[in-house]
Each structure stands twice: as structure tokens, then as C-alpha cells.
1. Report the rotationally averaged projected area of segment 8-66 based on its alpha-carbon convex hull, in square nanometres.
2. Using label points projected 7 Å from each Cα along Cα→Cβ, tell me how many nm separate residue 45 and residue 321, to one decimal.
3. Find how much the distance from residue 239 to residue 156 grows on full extension, using 0.36 nm per residue of separation minus their present alpha carbon separation; answer in nm with one decimal.
4. Could you work out which residue, out of 156, 67, 203, moves most in a Gaussian network model of the chain, that is, has the largest mean-square fluctuation with Cα springs under 10 Å?
5. Among 217-230, 27-40, what's the highest-first ranking by average C-beta atoms within 10 angstrom per residue?
6. Using the Kirkwood radius built from alpha carbon pairs, what does the Stokes-Einstein equation give as D for segment 1-145 at 25 °C and 0.890 mPa s, in µm² per second?
7. If you fit an axis through the alpha-carbon atoms of helix 15-24 and take the longest principal axis of the Cα set of the chain, what angle between them do you get, 0 to 90°, nearest 10?
8. Out of 196, 270, 291, any idea which swings most in a Gaussian network model of the chain, alpha carbons joined below 10 Å?
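What follows is calculated from the coordinates using simple rules that are stated; it is not laboratory data. Values in this document were obtained by computation on a predicted structure and should not be read as measured data. Positions of Cβ are generated from backbone atoms using ideal geometry, with glycine treated the same way; all protein chains shown enter the neighbour counts.
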């Protein structure tokens with residue numbers, strides 16, 4: 001029994017950590033593979049159900065460990081088939097995850113932090129402030145719980161995971177990497193590197209470190225073709241300028257057929273002109289990339305508006321003409337505030353950012 005009587009949450013362990021944990025208790029390391037399969041492939045949270053483990057081992061596990069999942073606070077379904085969950089954590093904070101089914105795949109957008117430590121001006125999550133990093137269990141717990149819920153109602157299982165929910169993944173590096181290892185583990189979710197995507201605003205040291213430990217897919221939230229505008233939209237740019245970030249991304253994907261996805265939210269009259277499209281094309285000329293144009297999704301008290309469809313099409317055509325693969329992301333889940341940039345969760349803001357922004361917008365706290 002643990003001396004402090006606190007049980008270990010096995011969702012916190014990737015295979016290596018779980019094998020070490022079993023070995024430290026005098027068990028064979030292969031027990032980690034068995035338990036991983038029960039937890040992540042079968043969705044089991046009861047040791048009694050793990051029938052290929054001896055009764056003595058199951059009893060011992062019950063006394064020191066648990067599979068502690070997230071609590072579902074709300075479960076909302078969009079008219080387009082998307083689904084958004086608000087998950088309540090043990091400390092009372094809440095995070096959001098979004099499931100997006102399509103004919104050829106089903107994508108789960110997950111969170112890596114409670115809120116976001118960055119302050120991108122066009123993002124609803126950023127306006128809510130920041131509380132803390134999520135643990136590995138809280139990150140992989142989103143996939144675990146969603147997978148269980150989808151099995152229960154016969155929905156298409158998750159085939160792709162994107163770190164595009166709340167938070168900057170590279171500022172929670174260790175926990176995010178452990179979670180991605182579980183996603184890719186053949187004894188857990190067995191997702192290929194192409195089906196796990198990390199989206200970053202451009203934390204250059206994190207990008208360098210990422211290249212040393214994994215080769216999952218990469219997306220960059222760029223949103224502007226020049227440093228002046230990007231520093232207004234993505235304040236992190238003041239620390240890591242565009243050229244430095246793009247070089248780190250290029251180094252990450254390396255030579256060959258891999259590409260970094262460039263995310264570019266379309267803001268009316270801000271970053272959507274022909275001139276800016278041509279500047280973006282020049283900027284990306286030597287970057288192995290594809291561009292994902294994202295129609296802006298409004299949220300309360302934002303000063304931005306979505307570019308019209310004609311302007312988005314014109315921007316896309318300019319990039320195409322320059323030889324850059326470009327698609328326009330279809331907006332999904334906006335009727336339940338589940339679209340890109342709309343996730344907000346429900347948590348205590350340690351930065352008091354939302355209070356300051358409320359004063360700026362309304363002249364009083366809201």
C-alpha cells in the first residue's frame with residue numbers, strides 16, 4: 001500500500017513507465033503490455049475484468065493503483081455530426097475536447113493545458129487566461145473517455161488525434177510526449193505518426209527538442225506573412241520571429257515528402273489581402289509545407305470578423321498559382337462553439353487575463 005494512501009493513476013504511464021513500475025514491485029515487465037491493452041484497447045477501468053492477470057496480482061493492483069478517468073460535465077452534439085465534451089478534472093477545472101467525424105476518418109481535437117499561457121488575440125481560449133498544464137493522464141484521458149463513449153453508442157472510432165484544443169502543447173512538453181507515445185503504442189491506440197498532429201504557435205526550443213524524441217505530424221499556427229502583424233496576432237512572435245520558427249519547422253520535417261501544415265486563420269481586412277497572400281507564398285517558397293486556411297470563428301467580445309468566402313477563395317487561388325498546396329478548412333461544430341479557436345472550457349484563471357480584457361472591452365468586469 002502507498003504510504004500516503006494515494007493510488008497511482010495508470011493513465012499517467014506510457015509503456016516504459018508502466019514496465020518500470022511493475023518491475024519495481026517485483027513483477028515481470030510484460031505485465032505492462034497486458035495492462036495497457038486492457039486499459040486503452042478494451043477501455044477497462046476495473047482490475048477484476050483483467051482476466052489474464054492472476055487474482056493475487058489483481059488484488060494487489062486494486063490496493064495501490066486505479067484507472068481514474070475524466071468526468072463528463074457536458075456532452076453536446078452539433079447538427080453536422082461534431083461532438084464536444086466538457087470534462088471536469090479532479091481540481092474542479094474543466095477542459096474541452098471535440099470529435100469531428102468525416103467519411104474517411106474521425107478526428108479528436110484534444111487539449112494540453114487548462115486555458116493557454118499564450119495570448120493570441122483571435123482565440124477564445126487565450127482570452128480565458130491560464131491555470132496549469134494537464135497531466136499525462138488528463139491528456140490521454142480525453143482519448144480514453146471519448147473512445148469508450150463512442151463504443152457505447154456505435155459511433156465511428158477515433159482515427160486521428162490533433163493537439164489543437166486548449167493550450168500550447170510544447171509548453172507542456174513531457175506530459176504531451178508521454179501521451180503521444182501511448183497514442184502510437186501498438187498495445188494502446190496504435191496510431192501512426194501521420195495520424196497524430198501537434199499544433200504549435202512556434203516555441204522554437206520545444207520544436208528543436210521535439211525533433212529529438214518523435215516524428216509525429218506538425219502544424220504551425222502562422223496567421224500572418226510578416227513579423228509586425230504576427231506579433232500583434234501571436235505575441236509569442238516577439239520572442240521567436242517567423243524566419244526562426246519556419247527554419248525550426250523545416251528542420252523538423254527534414255528532407256523527403258513530409259510537410260508542415262501551416263494554419264492561417266482568415267481575418268477580414270487584417271491578413272487576407274492579395275498582397276499578403278503573395279507575401280505568404282514568397283515566405284513559404286522553400287518551406288516543405290501545405291497551407292490550411294481557417295475561416296475565423298467568432299466568439300463574444302472579439303474585434304475580428306471572418307473573411308468572406310470570395311476573399312478566402314481568392315487568397316487560396318493566389319497560393320495555388322504560386323505552387324503551394326492550399327485547402328480551406330470546412331467549419332465544423334460552430335453551432336455548439338466547437339469550431340477552431342472557440343474552445344474555452346471552465347476554469348480558474350491564474351493570470352486574471354479575462355478580467356483585464358473585460359475592462360478593455362466593456363469598461364467593467366463581466
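1. On the way: hull surface 13.7 nm².
Mean shadow area of the hull around the Cα atoms is 3.4 nm².
2. Computed distance between label sites residue 45 and residue 321 equals 5.5 nm.
3. Numbers: separation 83, 0.36 × 83 = 29.88 nm, distance 4.15 nm.
Full extension from residue 239 to residue 156 adds 25.7 nm.
4. Comparing 156, 67, 203 in a Gaussian network model of the chain, the most mobile one is 156.
5. Details: 217-230: 20.7, 27-40: 18.8.
So the peptides 217-230, 27-40, ranked by packing, come out 217-230, 27-40.
6. On the way: Rh = 17.2 Å.
For these conditions, the coefficient is 143 µm²/s.
7. 30
8. Of the options given, 270 has the highest mean-square fluctuation.
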